[in-house]
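First comes the structure, then the notes that go with it.
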Amino acid sequence: MAKASVIDVETGPRAGRVSLTRDGLFAASAALMGLTLYMVFFWVPTELNLGVSQRIFYFHVPLGWLGMLSIMLVAFASIMYLITRKEKWDSLAYTTAELGVVFSSLILVTGVIWARGDLGWWWTWDAKLTTTLILWFVYVGYLMVRAYAPKGSQGARFGAVVALFGAIDAPIIYMATVWWRTAHPELNTGPLAQDVDALGSGRIYVTLMVAVITFTVLYAYILVERYSLRRSEAALDEIHQSVA
Amino acid sequence: MRFTRALRSALLPAALLVAMAATAPAGVVGAQTSPDYADQNAAESPLAPQPQAQDRDGESELPWLFAVFFVTWAAFFAYVFMMSRRQRDMQREIETLKRALAETDGQRQPVSERESR
């Protein structure tokens, strides 16, 4: 049974389709990344008040969106795992949590660098920054639970519970600038945008949207790669357990 | 199949590295030469809650832009490199398991031959 699952992952009938998707996403993300870099550095005008450092915005905002997307995906996959107990949902939750660590770390680091360059300080304990840091701890906590909890379904269940509690943080991060006065800028895009004129130039808005799409495609590519690797790891674990 | 997979796992880190190396200096030059945006709305932009009084000619801010750019690409590169190493380890593990299975089959073979006689 376990051997069969490895064969499915490696050479099964779906392997060709997955490989095609993966190659397509890779090509798309490479092409879009080239376009984004051109737009960010050559096409979009320099914002008058913030100067050159405003270009950090085109990296920081997509990373923020993907950090939030990750926690929503972790929560969704965890709920699905708790309902169905299918291993594929657990693999998806684990994969998105790992990507969440990468992206939320990048949100924090890029934000900190931008704040230092523009405002003169590295960090302040305001609501937006603190709740984002909490999100990072949620992801790390999830991976620690998975690493130290018993292998198999028990560890997956513990992880799912952590992910569901952690997901509560996502709307709080999003609404932080609405609910509290923070040093972080207000929401500029989306249905709850507080100041839609903030983006000013149409080129700034277009570049931001292209950057968001590009990073989302890159995220999808890495997700597909890591997910298939995670499933293979799980299948190998099964084999080891059955052999032992 | 294995070749294309190995090629792909090597290709992405290489592509990321090339992108990082090639676009960083180009980006810095581009950022310096691109036109200024002089919309009055920007004066009240909430992107800048309380900017410090400092020069906005771009020179002093380039290191911060470069730092963000470098950190982002380095993180992606490190993560993809970690993934490709895991994949390589797993391939090795699969080969070991295959060999172990082949040896077990080899030991069983004489028994089954004896049974058939």
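The values are calculated or read from the model by the stated rules, or taken from the named source; none is laboratory data. Predicted model, so just to flag it, every value in this text is computed and none were measured. Reconstructed Cβ throughout: ideal geometry from the backbone, glycine too, with neighbour counts over all protein chains shown. Heads up: the accessible areas ignore ligands, DNA and RNA and are worked out on the full protein's heavy atoms, side chains in. Shrake-Rupley method; radii C 1.70, N 1.55, O 1.52, S 1.80 Å.
Inside segment A:122-159, residues that are charged (D, E, K, R) and outside any loop (DSSP other than H, G, I, E, B) make up a count of 3.
For segment A:123-132, the criterion of being more than 21 Å from the chain's Cα centre (by Cα) and of a type in the set (Lys, Arg) is satisfied by no residue at all. Residues A:213, A:222: which one is at pLDDT 90 or above, under 20 Å from the mean Cα position of the chain (by Cα) and open to solvent by 60 Å² or more (accessible area, probe 1.4 Å)? Just a single option satisfies the conditions, and that option is A:213.
Collect the residues in segment A:36-50 that are buried (at least 21 other Cβ atoms within 10 Å of the Cβ) and in a helix (DSSP H, G or I), keeping them in residue-number order.
A:36, A:37, A:40, A:41
Residues of segment A:100-121 that are assigned to a loop (DSSP other than H, G, I, E, B) and more than 15 Å from residue A:60 (Cβ to Cβ): A:120, A:121. Candidates are the residues of segment A:120-130 that are farther than 25 Å from residue B:74 by Cα and within 14 Å of another protein chain (Cβ to nearest Cβ); the one that is most open to solvent (accessible area, probe 1.4 Å) is A:124.
Scanning segment A:169-181 turns up no residue that is modelled with pLDDT under 80, crowded, with 20+ Cβ neighbours inside 10 Å, out of contact with any strand residue (DSSP E or B) (no Cβ under 9 Å at 6 or more places or on another chain) and not in a helix (DSSP H, G or I).
If you check residue A:71 against the conditions, is it under 23 Å from the mean Cα position of the chain (by Cα) and either modelled with pLDDT under 90 or part of a helix (DSSP H, G or I) (or both)? For residue A:71, the condition - under 23 Å from the mean Cα position of the chain (by Cα) and either modelled with pLDDT under 90 or part of a helix (DSSP H, G or I) (or both) - is met. When segment A:78-99 is limited to residues that are assigned to a helix (DSSP H, G or I) and without any contact (Cβ under 8 Å) to a residue 40 or more places away in the chain, the one that is surrounded by the fewest Cβ atoms within 10 Å (Cβ to Cβ) turns out to be A:83. Considering the conditions (1) within 13 Å of another protein chain (Cβ to nearest Cβ); (2) surrounded by fewer than 22 Cβ atoms within 10 Å (Cβ to Cβ); (3) assigned to a helix (DSSP H, G or I); (4) in contact with a helix residue (DSSP H, G or I) (Cβ under 6 Å, 6 or more places away or on another chain), residue A:53 is excluded by exactly one of them, (2). Looking at segment A:142-189, which of its residues are closer than 22 Å to residue A:126 by Cα and away from chain B (no Cβ under 14 Å)? Of everything in segment A:142-189, those that are closer than 22 Å to residue A:126 by Cα and away from chain B (no Cβ under 14 Å) turn out to be A:165, A:166, A:167, A:168, A:169, A:170, A:171, A:172, A:173, A:174, A:175, A:179.
Screening the candidates A:159, A:200, A:152, A:190 for the property of being open to solvent by less than 70 Å² (accessible area, probe 1.4 Å) and modelled with pLDDT of 85 or more yields one hit, A:159.
Screening residue A:110 with (1) within 13 Å of chain B (Cβ to nearest Cβ); (2) open to solvent by less than 10 Å² (accessible area, probe 1.4 Å); (3) touching a residue at least 60 places away in the same chain (Cβ under 8 Å) gives one miss only, at (3).
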